Amino acid sequence: LFGLDSGARIGLEYRFGLMRGLQVGIHRTSDRTIEFFTQYSLLQQADHGVGLGVIAWIDGTNNFKDSYTPMIGEALSRELGRHGAVYVEPMWVNNSNLLPSELVDHNDTIMVGIGARIRVRPTVYVVGEYIPRSGNTPGVNHGTFGIEKVAGGHTFQLNFSDGFGTTMGQLARGGTDSDNWYLGFNISRKFF
């Protein structure tokens with residue numbers, strides 16, 4: 001929220017659909033990490049009871065010049081009518097340790113993102129996410145919760161998190177400390 005106490009970590013993202021079920025995007029953070037990503041929807045909830053997508057990311061530090069971190073996973077989702085949705089996202093992240101490879105025992109991280117978005121008012125949602133990890137697991141397991149307001153094509157989110165990570169590589173490295181929580185603010189716009 002404009003760096004109230006120690007400066008903000010800003011991320012800008014642009015994603016677009018290439019065809020039905022396929023999206024691609026780019027995300028850049030103020031610490032000069034750039035992430036490219038794609039997602040393809042394999043199953044639709046209307047046909048199979050759940051949604052299933054294949055996801056792939058790669059991020060690189062120093063404006064995509066150093067420390068590349070690729071990731072592959074799947075996104076399993078279930079909408080709860082008009083009341084919300086739940087998500088489970090198992091992922092494998094390679095090169096998740098920023099130390100040189102000769103200094104580390106584990107350079108891969110397995111994560112399972114567990115999230116929910118529950119409607120509490122016609123245009124207000126409570127959201128939450130928890131990401132347990134195994135393998136290379138510095139920091140603490142990432143957790144965040146927040147509140148969203150939908151207004152037209154915009155979504156405004158106020159959230160609280162135990163870390164600064166916004167790319168998959170940063171999330172694989174975990175939160176900073178379970179005793180410290182950080183205030184965040186997201187704005188997204190959907191163009192039809």
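The values are calculated or read from the model by the stated rules, or taken from the named source; none is laboratory data. Here the structure is a predicted model, which means the values were calculated and not measured. We place every Cβ from the backbone using ideal geometry, glycine too, and count neighbours over all the protein chains shown. Just so you know, the surface numbers come from the protein's heavy atoms only, side chains and all, with ligands and any DNA or RNA stripped out. Shrake-Rupley method; radii C 1.70, N 1.55, O 1.52, S 1.80 Å.
The table below lists the values:
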read-out: Verdict on Glu89 being at pLDDT 90 or above, at negative phi and in contact with a helix residue (DSSP H, G or I) (Cβ under 7 Å, 6 or more places away or on another chain); value: no
read-out: Filter result for Asn62 (out of contact with any strand residue (DSSP E or B) (no Cβ under 7 Å at 6 or more places or on another chain) and either open to solvent by less than 40 Å² (accessible area, probe 1.4 Å) or in a strand (DSSP E or B) (or both)); value: no
read-out: Some residue of region 27-36 being surrounded by 14 or more Cβ atoms within 10 Å (Cβ to Cβ), at pLDDT 90 or above and of a type in the set (A, V, I, L, M); value: yes
read-out: Residue in region 166-178 that is touching a Gly at 6+ places or on another chain (Cβ under 6 Å), surrounded by 19 or more Cβ atoms within 10 Å (Cβ to Cβ), polar (S, T, N, Q) and part of a loop (DSSP other than H, G, I, E, B) present; value: yes
read-out: Residue match in region 152-161 (condition: of a type in the set (S, T, N, Q), closer than 22 Å to Ile72 by Cα and crowded, with 18+ Cβ neighbours inside 10 Å); value: no
read-out: Hits in region 156-192 (condition: over 24 Å from Ala56 (Cα atoms), more than 14 Å from the chain's Cα centre (by Cα) and among the charged types (D, E, K, R)); value: Asp177, Asp179
read-out: Within region 96-122, considering residues that are modelled with pLDDT under 90 and open to solvent by 70 Å² or more (accessible area, probe 1.4 Å), the one farthest from Phe145 (Cα to Cα); value: Glu102
